[in-house]
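Take a look at the structure below.
The values are calculated or read from the model by the stated rules, or taken from the named source; none is laboratory data. Remember, predicted model here, so these are calculated numbers, not experimental data. Heads up, the Cβs are rebuilt from the backbone with ideal geometry, glycines too, and the neighbour counts pull from every protein chain shown. When the accessible area is computed, the model is the full protein with side chains, heavy atoms only, and any ligands, DNA or RNA have been set aside. Shrake-Rupley method; radii C 1.70, N 1.55, O 1.52, S 1.80 Å.
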Amino acid sequence: IGGGADLTQILTADPGLSEVAFELTDNVLKPEGMGTIVKALAPGLRKLRVMCAGNPMIDDGVGVLCEGISKLQHLVDATFQILSCKEIADGTPKHIAQCLKALPQLETLGINLAYCQRIANPGIAALADGLENLKNLVVLKICLYNLVKIGNDGIVPVVQKLGGLTRLQTLHLNFFWCAGFDNDGLAALGAELQKLVELREFSINLKDCGKVGDDGVTHLGQALGKVNKLQRVVLDLQWLRSVQDASIIEVAKGLSAAVDLQDLHLNISGCGKLTDATPTAIGTSMKPLSKLTRCHLDMSFCPELDRPGVTDILDAVKGNAGLVIDVNMERTKVAKKFAGRDDLLAEFA
């Protein structure tokens, strides 16, 4: 919506409004502009999505908005999507945390701070205080995409609160290019993840988290093995260059315990140290997953992967007629062998 006045008119036109989504533009980003929006928010509002992308948003303006949102005692679904705002710093996540403290009734929460690169560890760590009392939360999505300053000091306090959110059924975490996040951080996440016994959907993006290696991925796999109600899993482990077979095998073992799993996306593209032991273990893990209907495996840019590993995967799923499987083997040994060889491709078909 284009401006503060327009937005205020729309919000006040229907005091019984239960759902609002708006994108903030330049003329409402200052604190006084935020104030006009806050005054117009219907007290009975149940769902709110705030989006700002690439605009000169400032922390004080977010503070005014969050103060107003904190008074919405019927709000059960809130999304804060603040993207590529160059002026945003630690004040914004701290304001969001303060707001969340006043909203224990929330059932769905999304926080997306992608590309706000002035945000550092203290700001992200502050979100932990906001999460602590959200005991009714069913869906939680946190995106810290390309926040290169962020590491364990920011993320670990947040993930340590997850285990207390025992009603969670959906958890999405995007730590892409959080350069300081490492094995200890992933171990902390694993310790909390295994407490979420009601979890149905789990997604994590660790792409280019260069300090994450075998120890961390092993902890993640072992935790997944204790979350038995999972129906959908998305694991993006792209370009974790130090990861070897042993840790991915632990992930495969963990997934095999999720007997209700219907949808699996596993991306290990660019994990260049993997051998055929990895796809063989993935194939073995899929045998007990009789409810699996969709599977995407990206094993591209793993130069040592050859024909035996792919064969093991396809052999493992032959008995599952309802499964749609997509395997990407670009830039591997097997891809080179199959190039232009229709006779070999026919064997797998």
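State the extension gain, in nm to one decimal, for the chain segment bounded by Ser290 and Lys71, taking 0.36 nm per residue of separation less the distance between their alpha-carbons.
74.1 nm
From the phi angles alone, apply the Karplus equation (6.51, -1.76, 1.60; θ = phi - 60°) to region 48-55 and give each ³J(HN,Hα) in whole Hz, x where the residue is Gly or Pro.
Along region 48-55, the couplings run 9, 10, 10, 10, 9, 10, x, 9 Hz.
Run down the lysines and flag those whose C-alpha is under 18 Å from the C-alpha of Lys86, throwing out any fewer than 8 positions away in its chain.
Hits, sequence-local ones excluded: Lys30, Lys94, Lys149.
Would you kindly calculate the translational diffusion coefficient of the chain, applying Stokes-Einstein with the Kirkwood radius from alpha carbon pairs, for 37 °C and a viscosity of 0.692 mPa s, and quote it in µm² s⁻¹ without decimals?
153 µm²/s
To make sure I understand the rule: partners must be lysines, Cα under 21 Å from the Cα of Lys337, and not fewer than 8 residues away in the same chain. Which ones qualify?
Of all the lysines, those that pass the test against Lys337 - Cα under 21 Å, at least 8 places apart if same chain - are Lys273.
May I ask you to compute the full-extension gain from Ala191 to Glu132, defined as 0.36 nm times their residue separation minus their alpha-carbon distance, rounded to one decimal in nm?
19.6 nm
If I stretch the segment between Thr36 and Ser203 completely, what's the gain in nm (0.36 nm per residue apart, minus their alpha carbon distance), one decimal?
56.4 nm
How large is the charge dipole for region 216-286, taken about the Cα centre, if only the Cβ atoms of Lys, Arg (+1) and Asp, Glu (-1) carry charge, to the nearest 20 debye?
140 debye
Can you compute the modelled spin-label distance between Asp215 and Lys337, with each label point 7 Å from Cα toward Cβ, in nm?
Result for the modelled spin labels: 3.6 nm.
Taking all protein chains together and a probe of 1.4 Å, list Trp239, Trp177 from the most accessible to the least accessible.
The ordering from most to least exposed comes out as Trp177, Trp239.
To the nearest 10 Å², what's Lys273's accessible area with a 1.4 Å probe?
110 Å²
So how do Ser247, Ser84 rank on accessible area, 1.4 Å probe, biggest first, that is with the largest at the start?
Accessible-area ranking of Ser247, Ser84, largest first: Ser84, Ser247.
Once both labels are modelled 7 Å past Cα along the beta-carbon direction, what's the Arg167-Lys229 spacing in nm?
1.3 nm
When only C-alpha pairs under 8 Å and at least 6 residues apart count, what is the relative contact order of the chain, in percent?
9 percent
Leaving out ligands, DNA and RNA but keeping every protein chain, what accessible area does Thr284 have, in Å² rounded to the nearest 10, with a 1.4 Å probe?
80 Å²
Tell me the accessible surface of Glu107 in square angstrom (1.4 angstrom probe, heavy atoms of protein chains only), to the nearest ten.
80 Å²
With an 8 Å cut-off on Cα pairs and a minimum separation of 6 or more residues, tell me the relative contact order of region 199-309 in percent.
In percent, rounded to a whole number, it is 27.
Can you tally the net charge around Ala21? Count Lys and Arg as +1, Asp and Glu as -1, for every other residue whose Cβ sits under 13 Å from the Cβ of Ala21.
The answer is 0.
Using the Karplus equation 6.51 cos²θ - 1.76 cosθ + 1.60 (θ = phi - 60°), what ³J(HN,Hα) coupling, rounded to whole Hz, does each residue of region 198-213 give in order, writing x for Gly and Pro?
Here the 3J(HN,Hα) series is 9, 5, 10, 9, 9, 9, 9, 10, 10, 4, 6, 7, x, 8, 7, x Hz.
Measure up Lys47/Lys226; Lys211/Lys318; Lys47/Lys161; Lys39/Lys135; Lys287/Lys336 against 31 Å on the Cα-Cα distance and list the ones that go over.
The answer is Lys47/Lys226; Lys211/Lys318.
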